[in-house]
1. How do K282, K592 rank when sorted from fewest to most other Cβ atoms within 10 Å of their own Cβ?
2. Using helices alone, what [θ] at 222 nm do you get for the chain, with -39,500 (n - 2.57) per DSSP H run of 4 or more residues, divided over all residues and rounded to the nearest 500?
3. 7 Å from Cα along Cα→Cβ at both E634 and E385: what's the point-to-point distance in nm?
4. Under 18 Å between alpha carbons, and skipping anything fewer than 8 positions from K233 in its own chain: which lysines qualify?
5. When Lys and Arg each count +1 and Asp and Glu each count -1, what net charge do the other residues less than 13 Å away from E412, Cβ to Cβ, add up to?
6. Specify the inter-centroid distance of segment 233-307 and segment 371-438, based on alpha-carbon positions, in whole Å.
7. How many percent of DSSP beta bridges within the chain run antiparallel, rounded to 5?
8. Could you list C79, C419, C449, C166 in order of exposure, starting from the residue whose Cβ has the fewest other Cβ atoms within 10 Å?
Amino acid sequence: MNSPNSPAPSGRLSSIMQEDRLFPPSAEFSKRARIQSMEDYRRIYADAMEHPEKFWDNLAKLLPWTTPYTRVLDWQPPCASWFVGGRTNASAACLDQHVAAGRGDKRAMVWVGEPIGERRELTYRELLAEVCMCAGGLVKLGIKAGDVVSIYMPMTPELVIAMLACARIGAVHSVIFGGFSSEAIADRNEDAQAVAVITADGGWRRGSQLPLKKNVDDALVRSPSVKHVIVLKRTGQPVSMTPGRDIWWHDLVADMPDSMAPVAMDSEAPLFILYTSGSTGKPKGIEHTTAGYLLWAKTTAEWVFDLRDDDLFWCTADCGWITGHSYVTYGPLAAGTSILIYEGAPNAPNEGRFWDIVEQEKPTIFYTAPTAIRSFMKWGMSHIENRDLSSLRLLGTVGEGINPEAWIWYHEVIGGKRCPIVDTWWQTETGGIMMSPLPGATPTKPGSCTMPLPGVVPEIVDSEGNPVDTGEGGWLVMKQPWPGMLRGIWGDQERYRETYWSKVPGKYLAGDNARQDADGYYWIMGRIDDVLNVAGHRLSTIEIESALVSHPCVAEAAAVGRPHDVKGEAVAVFVTLRSGEAGEVLKETLRKHVRHQIGALAVPDDIHFASVLPKTRSGKIMRRLLRDIAAGRETVGDTTTLEDYTVLAKLRDDE
Ligand code: WT7
């Protein structure tokens, strides 16, 4: 459903999608749900709209405060402070709170390793003990509240433990996805001035070992702020350890006590930063705070996933992304839910791995990305049909729009027509889900994220900031602050204002196009900026372009997305050469170069060598035209601003 619509100059655009099927929740599901009807939803929504401070005050009371807040919200657009003056601790909310309430023996986590047969279970009490030992180790190294710690790890229990251990001592974690290159680690260490990196010798991915420690070593050549490297022994592959700087995880925690008081953190103290791609320049460190973020992650998890005491929640995201922060870690654990984590690839050792795991571990809720669903469809029924998937009661999607065909397949094949599907729209910046069906209440339409959650007040506007008509596309903005909103971009408050708050003054600009249909349902229509969504991950065209032009053969580069049946969007690049010979060998060299500069997920699928790139008279590359060529479409729309009309013909000849 990544629509080929490109933004018209006015911000308005027309929609080409029509989907009329409606799937109401079953009476059986609704009867047991937290929110059971649209009347309930409307009442709660109206409540949050009319008395937002009272509404959030009531929910925030459930967090473990060591110092109560004096004010719910201080809103000085675009700066929000929530639960002003309060002190709490995110790890205490996720762990101590449950142990204290007598739920210490409840399973907190079931972990399944990629190598067959590896499995661990941790109760809330055990998870708390591990977190305390790791936190004690961090303190022993001299790491303290406010310090930034980079985490570059495989999906092991220790990744979650490391995040919570940072939270326990007030250190700010910055998780870097294990698929990123050493260059990307170095950039993030540098921008955040990280004092330590927590990593592993390696990680398993489809049977091979990722060189995680080696990547960190290469990055640290450029990371003078990093004084300590903590290394989890995961695969046992050989690594080099630098004396005085590197320490094994098991040595660090060996003599640490299994209890340690959490540090009381200000509500607004940063809990973590997470880097994400923007439309210009280097990645942005999105900043989230302790109390507001935690409350948002927890509350939205309870509403959208309808969490119950006997649930086992499987969110397939890696903790390197925001989904792994909010719906693997903080949301479900703050809600006291049991989580299921799988370390490896969905096709290791074969394409039926996820369904083997469902059959064995019996998760009740399954949350994944449309790109994964399209892979399952492609891999075929033989991997699914003999598996028992009857434990599942609720399915979710996130990361990009889901095309109706994949939605119906998910509903019928994985959900056995009995599980509601929650298509959840949100962003790294929003901290948690913003628009989604409530599974016991909202009739769903395949491809629509339906309606805003309580406390979320969206609007669709044109580039002048005027609301557009029903059915018309425009920019999606938020009119009110919400507790989980980002508080800034690390070290660059100006970029925060400029990116999110300047184009439509006083409103949060999400960067997506959307429309609302006559029933009030929202339909996301893709990004308005030069950001690609590849397999549910945001990539900036600029980053890929700068990686390419840093190669000596490349003069100019333009990256665009083109439709891809599994990944949603594939990366297509157009390059003009300074030297070297256009051909397969150079294509391979450039792919390797991008992999080294950014990581595997940014490697272009298509490389087109061009003699010229289409530009406006002011010198801007006209990506809209390149998108058409990359997708093999006729060029539609206005080409009158093109500087050289012959360029389009030349580009097609270059093919
Ligand atoms: C962008 C945010 C949210 C966690 C994962 C991605 C797109 C996300 C949906 C959805 C249509 C979606 C948007 C958004 N997106 N969910 N349900 N329907 N589009 O987080 O990397 O911050 O990317 O992903 O374009 O702006 P992210």
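Laboratory data are not the source of any read-out in this text; all were calculated from the coordinates shown. All figures in this text were calculated on a predicted structure; none of them were measured in a lab. Here Cβ is always computed from backbone atoms with ideal geometry, including for glycine, and neighbour counts include all displayed protein chains.
1. Arranged by neighbour count, lowest to highest, K282, K592 become K592, K282.
2. The helix contribution divided over the chain gives -7500 deg cm²/dmol.
3. Each label point lies 7 Å from its Cα, and together they span 4.2 nm.
4. Cα-Cα hits under 18 Å: K213, K214.
5. +1
6. Rounded to whole Å, the Cα centres lie 27 Å apart.
7. The answer is about 60 percent antiparallel.
8. Final ranking by Cβ density, sparse to dense: C79, C419, C449, C166.
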